[in-house]
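The values are calculated or read from the model by the stated rules, or taken from the named source; none is laboratory data. Since we're looking at a predicted model, the values are computed, not measured. Note: ideal-geometry Cβ built from the backbone for every residue, glycine included; neighbour counts use all protein chains shown. Just so you know, the surface numbers come from the protein's heavy atoms only, side chains and all, with ligands and any DNA or RNA stripped out. Shrake-Rupley method; radii C 1.70, N 1.55, O 1.52, S 1.80 Å.
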Amino acid sequence: IVVSVISFISTDGVSFLGSMFLRRLMFIPGNINFHYYDFISNPANSFLFWSESKLTFGLHKSPYDLIFSKVIGSEYFGSELANASTGWIGSGYMQLGVPGLLIYAVILGFILNFIDSYAERIDKGVLVAISLIPIRAIMDNSDLFTALLTHGVLLLLIIISMTKFKDSYFKRNHR
């Protein structure tokens, strides 16, 4: 709080730290999603068809020399060092266009529905605490299948399914 107050006073009400946090959290992910859509929508560019994923076992070669997040970084941010990663929206569209987006939406719907189905059985504070970071990875930072396998979403689903139910749930539903 002290750092925030000092930052606010020293910058006449315009906080650089607050601005960076707000921009990175709220505006940059949507902007990068649009860049993915804009790039792939160009007829000269092609879908990836999960070519950068281990799920295809290397059977489909990527049409790009760089990984796609660096292609977007190079095209829209002027540097191959800019790693413009995106969440499920840009990633789904990058893979297969609108059908890829729909596939990702259905899978994400199943994941969120699974988590929600345990909300009454597990303490909500615990459920939110263990779900927040992996779900945020899907939303803003990673391809859906990458988030499932390497960002802890699959592990989250396993942990939730193995978690002990609240005693009040059994008293209410198993009399």
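Just name the residue that is modelled with the lowest pLDDT out of those in the range 1-36 that are open to solvent by 80 Å² or more (accessible area, probe 1.4 Å) and within 16 Å of the chain's Cα centre (by Cα).
Among those residues, the one meeting the criterion is ARG24.
Pull out all pairs, ordered by first then second residue, where Cβ-Cβ is under 6 Å, the residues are six or more apart or on different chains, the first lies in the range 59-86 and is among the polar types (S, T, N, Q), and the second is open to solvent by 90 Å² or more (accessible area, probe 1.4 Å) and modelled with pLDDT under 90.
SER74/GLU80
In the range 141-155, how many residues are crowded, with 22+ Cβ neighbours inside 10 Å and assigned to a helix (DSSP H, G or I)?
To start, the set of residues in the range 141-155 that are crowded, with 22+ Cβ neighbours inside 10 Å comprises 142-144, 147, 153.
Remaining after also requiring assigned to a helix (DSSP H, G or I): 144, 147, 153.
Residues in the range 141-155 being crowded, with 22+ Cβ neighbours inside 10 Å and assigned to a helix (DSSP H, G or I): 3 in total.
Kindly establish whether LEU55 is in a helix (DSSP H, G or I), open to solvent by 70 Å² or more (accessible area, probe 1.4 Å) and at pLDDT 95 or above.
Details: in a helix (DSSP H, G or I): yes; open to solvent by 70 Å² or more (accessible area, probe 1.4 Å): yes; at pLDDT 95 or above: no.
Spelling it out, it is not the case that LEU55 is in a helix (DSSP H, G or I), open to solvent by 70 Å² or more (accessible area, probe 1.4 Å) and at pLDDT 95 or above.
Yes or no, residue by residue, for (1) of a type in the set (Val, Ile, Thr); (2) under 17 Å from the mean Cα position of the chain (by Cα); (3) more than 18 Å from ALA147 (Cβ to Cβ):
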position	(1), (2), (3)
ASN42	no, no, yes
LYS61	no, no, yes
SER74	no, no, yes
GLY78	no, no, yes
ALA84	no, yes, no
ILE89	yes, yes, no
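Out of all the residues in the range 91-100, which are more than 13 Å from the chain's Cα centre (by Cα) and either within 14 Å of TYR36 (Cβ to Cβ) or surrounded by 13 or more Cβ atoms within 10 Å (Cβ to Cβ) (or both)? Steps first, please.
Going residue by residue through the range 91-100, those that are more than 13 Å from the chain's Cα centre (by Cα) are 93-100.
Across the range 91-100, the qualifying residues are TYR93, MET94, GLN95, LEU96, GLY97, VAL98, GLY100.
Checking PHE110 against (1) surrounded by fewer than 20 Cβ atoms within 10 Å (Cβ to Cβ); (2) in contact with a helix residue (DSSP H, G or I) (Cβ under 8 Å, 6 or more places away or on another chain), only one condition comes out false. Which one?
Of (1) surrounded by fewer than 20 Cβ atoms within 10 Å (Cβ to Cβ); (2) in contact with a helix residue (DSSP H, G or I) (Cβ under 8 Å, 6 or more places away or on another chain), only one is false for PHE110: (2).
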